[in-house]
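Here is the structure we will look at.
The values are calculated or read from the model by the stated rules, or taken from the named source; none is laboratory data. Since we're looking at a predicted model, the values are computed, not measured. Positions of Cβ are generated from backbone atoms using ideal geometry, with glycine treated the same way; all protein chains shown enter the neighbour counts.
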Amino acid sequence: MRRYCFILLLLFPIMSSAEVLTVVLYSNGYPPYSFPETSPYKGIYLDVLAEISKLTGDEFIPAYYPAKRKLKVFESGQMHIEPGVNPSWRKPWKEISAYSIPFGTFTDVIFFKKGKQLHAIKPQDLKGKKILTVRGYHYPNYENEFQNKNIIRYDTNNELQMIRFLHAQNRDADAGFINQDILMYYMNQNKMEFDIGDPISEAPAMFRFHISKKHVIERFNNALTILMKNGTIESIFKKYQ
């Protein structure tokens, strides 16, 4: 409790220097992390930022762009924050990027049709199998097997298309690679059931700041620490399960 009070004392003097910060989001949405601008739902990212705003006084204004444009407007400095990023995904933009502390973990899992789960502990266990993926996504532990055609990679346009493909009884696929939060959200929304295997990769989820707003990160992290310790972040994630 004393630690929370100490962090709050650090935040209060800074609220007088609160800023308006632009937040870049994918225009098509990335449920449950973010949703299209016209959706009645906000998503995990904006819900977290709304709670941070209550502590720091900063105002977070979302703007929605297609994937490629999203990166360009951040690079130009028009956008100040990109939520849900790991530094390993943005290496070419290292010089213009600064990061918050992690607020969660992106966990990719392998999932199967109900009753069709395979024993798959290592990449070689999937030899000869057809695996659904999202076009443009990279799966470091499996790239060699994909390139050597030991595992057959079948790209879909997005996670929802992948889930529907695997759920269809007449479609020829053995499994898929998907973010666990996204899978659980769509399973609940669409009343679908799958068998879920072990994680295939994990990466800390952070907020990426344009370097011009690096000075904001200290108070942002202080607020994020409070929200993680008092259970607010966990409650937000559970809200979308």
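Of everything listed in (1) surrounded by fewer than 16 Cβ atoms within 10 Å (Cβ to Cβ); (2) charged (D, E, K, R); (3) touching a helix residue (DSSP H, G or I) at 6+ places or on another chain (Cβ under 9 Å), the single unmet condition for Lys214 is (3). Give the residue that is surrounded by the most Cβ atoms within 10 Å (Cβ to Cβ), with candidates limited to residues of segment 113-146 that are in a strand (DSSP E or B) and at pLDDT 95 or above. Among them, the one singled out is Leu132.
Only one entry of Lys70, Lys127, Lys116, Lys122 meets the criterion of being in the same structural domain as Leu21 (by TED's automatic domain parsing) and not aromatic (Phe, Trp, Tyr), and that entry is Lys70. Taking Glu159 as the residue in question, decide whether it is touching a residue at least 12 places away in the same chain (Cβ under 8 Å) and surrounded by 15 or more Cβ atoms within 10 Å (Cβ to Cβ). In short, yes.
Beta carbons closer than 6 Å, at least 6 apart along the sequence or on distinct chains, pair a first residue in segment 41-69 that is on the phi > 0 side of the Ramachandran plot with a second that is exposed (fewer than 14 other Cβ atoms within 10 Å of the Cβ) and modelled with pLDDT under 95 for Gly57/Met15.
Note on segment 26-110: enclosed strands (runs of 3 or more DSSP E) holding 3 or more residues that are closer than 30 Å to Phe194 by Cα and under 18 Å from the mean Cα position of the chain (by Cα) are 81-85.
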